[in-house]
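What follows draws every value from the coordinates through simple rules; no lab data is involved. Just so it is clear, the structure is predicted and the values come from calculations on it, not from any experiment. As a convention, Cβ positions derive from the backbone with ideal geometry for all residues, glycine included, and neighbour counts pool all protein chains shown.
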Amino acid sequence: MFAIPDFSLSPHIDQVGAEERASRFTKRSIKKESKLNGLKLVLNMIDLTTLEGKDTDGKVKQLCYKAMHPHDAVPDIPTVAAICVYPSMVKVARKALGDSGIKVASVATAFPSGQAPKDIKIRDTKYAVNEGADEVDMVISRGKFHAGEYNFVFDEIAAIKEACGNARLKVILETGELGTFDKVRRASDIAMHAGADFIKTSTGKIQPAATMPVTLVMLEAIRDFYYKTGKMIGMKPAGGISKSKLALHYLVMVKEVLGEAWLNNEWFRFGASSLANDVLMQIIKEKTGVYQAANYFSVD
Amino acid sequence: MATKAKNNTLKLKFDTSWSYAPAPESKSAATINKQYDLFINGEWVKPSGGKYFDTINPANEEKLSEAADANVADVDKAVKAARTAYEKVWKKMPAKERGKYVFRIARMIQEKARELAIIESLDGGKPIRESRDFDVPTAANHFFYYAGWADKLEYAFPNRTTEPLGVAGQIIPWNFPLLMAAWKIAPAIATGNTVVLKPAETTPLTALKLAEIIQESDLPPGVVNIITGAGATGAAIVNHPDINKIAFTGSTDVGKIIQWAIAGTKKKATLELGGKAANIVFEDAPIDQAVEGVINGIYFNQGHVCCAGSRLYVEESVAKQVIKKLKDRIESLIVGNPLDKNTDIGAINSRGQLETIQKYLAIGKKEGAEMYQSSCAIPGKGFWCRPTLFTNVAQSNRIAQEEIFGPVLAILTFRTDDEVIEKANNSPYGLSAGVWTDKGSKIFNMTRRMRAGVVWANTFNKFDPSSPFGGYKESGFGREGGLHGLLPYLNLVN
């Protein structure tokens with residue numbers, strides 16, 4: 001095992017430097033073959049998401065079909081990585097996805113605010129896992145984190161990890177509520193040491209959601225943790241990534257910070273709902289040389 | 001769970017199955033003449049000796065063009081043209097009108113930015129990303145900045161009357177050819193002086209393009225004369241009796257020769273010479289950003305930067321971590337065709353410079369330092385050096401004392417603030433330095449005690465026309481840029 005550090009001593013982040021570095025990833029040239037391969041990779045990394053109060057069985061079933069058949073009119077289109085839903089929808093999604101290999105991810109722990117007692121969060125998690133979730137996306141207690149109660153946050157994540165059993169745990173930091181890169185780094189360190197399999201930027205319910213600098217800070221935390229422990233942690237930026245070009249910039253960042261091992265949907269995901277169709281549109285543009293109207297792509 | 005022994009072998013693989021697309025900038029967007037004459041008195045004139053020298057592309061050793069080799073007679077012609085323009089036109093012209101010309105040159109540089117960037121990368125080997133995003137825009141900004149001062153000198157020096165010096169002889173290096181031309185010409189002509197400028201013999205093309213711009217701008221003939229040649233041409237400028245001011249950027253060795261040459265004359269001088277900047281990383285630094293800053297500090301422009309952060313002092317408690325991160329970062333640098341937009345590190349400027357760098361690599365190894373280089377492939381033709389770092393370096397090693405002027409970083413460690421200040425100042429140079437710490441009070445303590453003209457805190461290699469630049473000790477004297485950059489071209493008469 002590895003030692004649990006004093007999280008108040010987590011490395012500091014210089015905001016200007018982090019933003020400057022992040023902007024460099026947008027300068028690489030990605031076109032033709034490189035673009036097509038990148039886009040397929042992006043599509044295959046998407047956690048296709050619906051997290052609404054008005055979600056129904058019907059809506060989730062349709063989304064599952066879209067996940068398995070993003071665009072059947074064209075051959076060689078990969079599927080997305082997972083469907084991300086509320087716990088009450090896990091069973092429906094599990095059944096609809098069958099043996100497609102697409103994972104079911106469920107948010108849990110009183111998503112999105114996380115304002116509930118620990119036992120309720122554990123029950124929420126166990127419910128999702130029992131319904132068939134392969135992955136659990138939990139939220140951290142941001143209030144406790146801001147109050148400096150890092151042990152509380154740590155213990156809570158560890159408890160949820162235990163409740164997950166074999167399901168992989170994604171820990172949502174909700175970086176838009178943390179305020180500084182220093183705190184994003186500290187929360188990342190807490191989550192990874194407490195047992196997260198993935199760290200994730202945002203719920204998608206708070207602005208700003210994922211940004212490139214925030215994701216960079218988290219990727220660097222993952223790299224440091226890997227060197228310290230030998231353990232790989234996945235990364236999931238979520239919210240605000242709706243265009244292919246931006247998604248490709250994220251891939252550049254993963255490639256240059258963590259390299260080959262993370263460039264797959266086992267270790268990197270995009271939490272997004274509208275990104276998939278933009279990626280499909282670009283893939284077809286790369287294949288045919290012309291853009292199709294948005295009406296050619298199914299909205300589920 | 002991974003064991004400790006296993007952790008030491010952990011390695012990230014940056015050579016990924018998904019790769020970028022080549023994106024070479026098109027050469028057809030740039031026009032390069034087969035041959036360039038001397039730009040004297042607003043016209044292109046043949047060199048009186050009839051000699052020309054080749055300028056090549058250091059990335060593939062192919063000849064790009066040839067430039068005239070100016071001899072003593074040509075220099076005299078250029079100085080006479082500058083003197084006449086000074087006496088008859090430029091010093092009499094209302095400052096407001098002078099400013100308009102300088103503004104016009106700035107705008108024309110912007111209009112021709114793409115062509116200038118391509119030529120700068122072709123002739124000098126620097127990556128197009130840098131010539132496009134740094135060299136050319138910053139050159140234009142210098143003209144804009146000093147254009148603004150032209151008619152406001154009484155505000156720069158309140159209650160004093162200023163007058164220009166006369167004819168300035170300006171000799172510039174090959175690392176930032178266009179930008180150095182801008183640093184020299186803009187303040188000189190904005191303050192009412194006229195100019196004879198000589199670019200370096202390996203990189204004359206963008207200065208000659210600038211001559212075309214100046215011709216097109218209708219600047220009165222003779223205000224700016226641009227002549228090409230090697231050391232002998234430079235010596236003829238320095239020794240010309242009718243020159244009032246020498247502005248030189250280049251090596252400390254040549255700087256010393258210039259100072260000998262002008263001793264006892266009334267010539268004023270500004271010398272911007274070599275450097276061996278200390279870049280200091282404390283344990284409380286934002287480590288990942290510091291690593292990025294160290295990389296930028298030494299590998300920017302292949303390390304052909306007089307203010308490059310070539311001595312890294314890292315606090316021993318974080319040294320292992322910083323070195324590991326530097327090695328990883330080096331692996332993700334893309335070395336190759338300077339015209340490719342993906343390229344981070346281009347070609348070494350000349351065969352001579354490559355030999356100098358290789359000499360120092362051999363010295364470093366012989367001195368017992370451990371050399372680490374990127375595993376990247378380098379092209380077969382042209383002049384190339386992989387990004388290199390040396391660990392286990394001592395203050396007494398030559399690679400820690402002498403300016404290498406290449407992509408070579410010497411890494412030393414320290415324990416206390418006093419120790420690192422002493423070591424950082426323990427150099428004949430004093431051009432620039434960097435400090436990386438999250439603690440504000442430490443920044444001020446360090447910067448106050450550092451003997452360097454520019455000290456960057458939590459960043460490196462940042463330039464702005466409004467900020468003065470220049471050195472202490474053997475890094476030269478006089479300041480360029482900012483309000484301070486006006487003074488070397490002016491007399492305060494009362």
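Can you bin region B:278-457 into rounded, prolate or oblate? Criterion: square roots of the alpha carbon gyration tensor eigenvalues sorted a ≥ b ≥ c, rounded for a/c under 1.5, prolate for a/b above b/c, oblate for the rest. List each step's numbers first, then the result.
Details: a/c = 1.76, a/b = 1.56, b/c = 1.13.
Prolate shape, in that a/c is at least 1.5 and a/b is the bigger ratio.
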Checklist entry - Hey, could you pull the Cα Rg and Dmax for region B:190-279, both in Å? => result 14.5, 45
Checklist entry - By average Cβ neighbour count within 10 Å, what is the ranking of A:263-269, A:30-36 from highest down? => result A:263-269, A:30-36
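Please arrange B:228, B:265, B:270 by how many other C-beta atoms lie within 10 Å of their C-beta, fewest to most.
Numbers: B:228 29, B:265 14, B:270 23.
Ordered from fewest to most neighbouring Cβ atoms within 10 Å, B:228, B:265, B:270 come out as B:265, B:270, B:228.
Determine, for B:55, B:206, A:79, the number of other Cβ atoms within 10 Å of each Cβ, and report the residues in order from fewest to most. Don't skip to the answer; put the middle values down first.
Working: B:55 25, B:206 31, A:79 19.
Sorted ascending by nearby Cβ count, the order is A:79, B:55, B:206.
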Checklist entry - Exactly which trypsin sites (Lys or Arg not before Pro) in region B:201-291 are in a DSSP loop and have at most 12 other Cβ atoms within 10 Å? => result B:266
Item to check | Whichever aspartates and glutamates have a C-alpha closer than 18 Å to that of residue B:91, once near sequence neighbours (fewer than 8 apart) are set aside | outcome: B:151, B:154, B:163, B:218, B:242
Checklist outcome for this item: Placing one equal point scatterer on each C-alpha of region A:228-300 and summing with Debye, one gets log10 I(q)/I(0) at q = 0.14, 0.18, 0.26, 0.27 Å⁻¹ equal to -0.53, -0.79, -1.20, -1.24
Item to check | Selection from B:36, B:360, A:180 lying farthest towards where the dipole of the protein assembly as shown points positive, charges on Cβ | outcome: B:36
Next on the checklist: Debye calculation, C-alpha points only, no solvent: report log10 I(q)/I(0) for chain B at q = 0.07 Å⁻¹, in the same order as the q values.
Outcome noted: -0.37
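I'd like the Kirkwood hydrodynamic radius of region A:89-197, using the inverse of the mean 1/r over distinct C-alpha pairs, in Å. It would help to have the intermediate numbers written out before the result.
Details: mean 1/r = 0.0712 Å⁻¹.
It is 14.0 Å.
In peptide B:281-288, how many Cβ atoms from other protein chains are near each Cβ within 10 Å, on average? Walk me through the numbers before you get to the answer.
Details: counts 0, 0, 0, 3, 3, 11, 6, 16.
The mean count of partner-chain Cβ atoms within 10 Å per residue comes to 5.
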Checklist entry - In this model, which of A:103/A:245; B:80/B:184; B:77/B:198; A:59/A:287; B:126/B:423 are farther than 21 Å apart at the alpha-carbon? => result A:103/A:245; A:59/A:287; B:126/B:423
Checklist entry - Once you charge only the Cβ atoms, +1 for Lys and Arg and -1 for Asp and Glu, what is the size of the charge dipole of chain B about its Cα centre, to the nearest 20 debye? => result 460 debye
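Could you tell me the relative contact order of chain B? Use alpha-carbon pairs under 8 Å, at least six residues apart, and round to a whole percent. All intermediate terms of the calculation are to be shown ahead of the outcome.
Values: 1108 pairs, mean separation 88.1, N = 494.
Reported relative contact order: 18 percent.
What length, rounded to one decimal in nm, is gained on full extension from residue A:113 through to residue A:293, with 0.36 nm per residue of separation minus their alpha-carbon distance? Could you put the intermediate results ahead of the total?
Details: separation 180, 0.36 × 180 = 64.80 nm, distance 3.78 nm.
Extra length available between residue A:113 and residue A:293 comes to 61.0 nm.
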Checklist outcome for this item: Given Cβ charges of +1 for Lys and Arg and -1 for Asp and Glu, the option among B:483, B:222, B:387 whose Cα lies farthest towards the positive end of the dipole of chain B is B:483
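If you count, for every residue in B:289-297, the Cβ atoms of partner chains within 10 Å of its Cβ, what is the mean? Walk me through the numbers on the way to the answer.
On the way: counts 14, 2, 3, 6, 4, 0, 1, 4, 0.
Per-residue shielding by partner chains comes out at 4.
How do B:438, B:418 line up, fewest other C-beta atoms within 10 Å first? Numbers along the way, then the final one.
Numbers: B:438 19, B:418 10.
In increasing order of surrounding Cβ atoms, one gets B:418, B:438.
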Checklist outcome for this item: note: the protein assembly as shown, Cα-Cα separations exceeding 42 Å make up a percent value of 40 percent
Checklist entry - How many angstrom separate the Cα center of region A:1-71 from the Cα center of region B:352-397? => result 39 Å
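Mind ordering A:193-202, B:30-39 by average Cβ neighbours within 10 Å, highest first? If you can, show how the numbers build up before the last one.
Values: A:193-202: 23.9, B:30-39: 17.7.
Ranking, from highest mean packing down: A:193-202, B:30-39.
Within a 10 angstrom radius of each residue's Cβ in A:29-41, how many Cβ atoms of other chains show up on average? Whole number is fine.
Values: counts 8, 6, 4, 2, 2, 6, 2, 0, 4, 4, 0, 1, 2.
Mean inter-chain Cβ contacts per residue within 10 Å come to 3.
Need one word for region B:232-306: rounded, prolate or oblate. Basis is the Cα gyration tensor (sqrt eigenvalues a ≥ b ≥ c); a/c below 1.5 gives rounded, then a/b vs b/c decides.
Prolate, since a/c reaches 1.5 and a/b exceeds b/c.
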Item to check | Rg/Rg_globular for region B:405-494, with Rg_globular taken as 2.2 N^0.38 Å and Rg from C-alpha atoms | outcome: 1.25
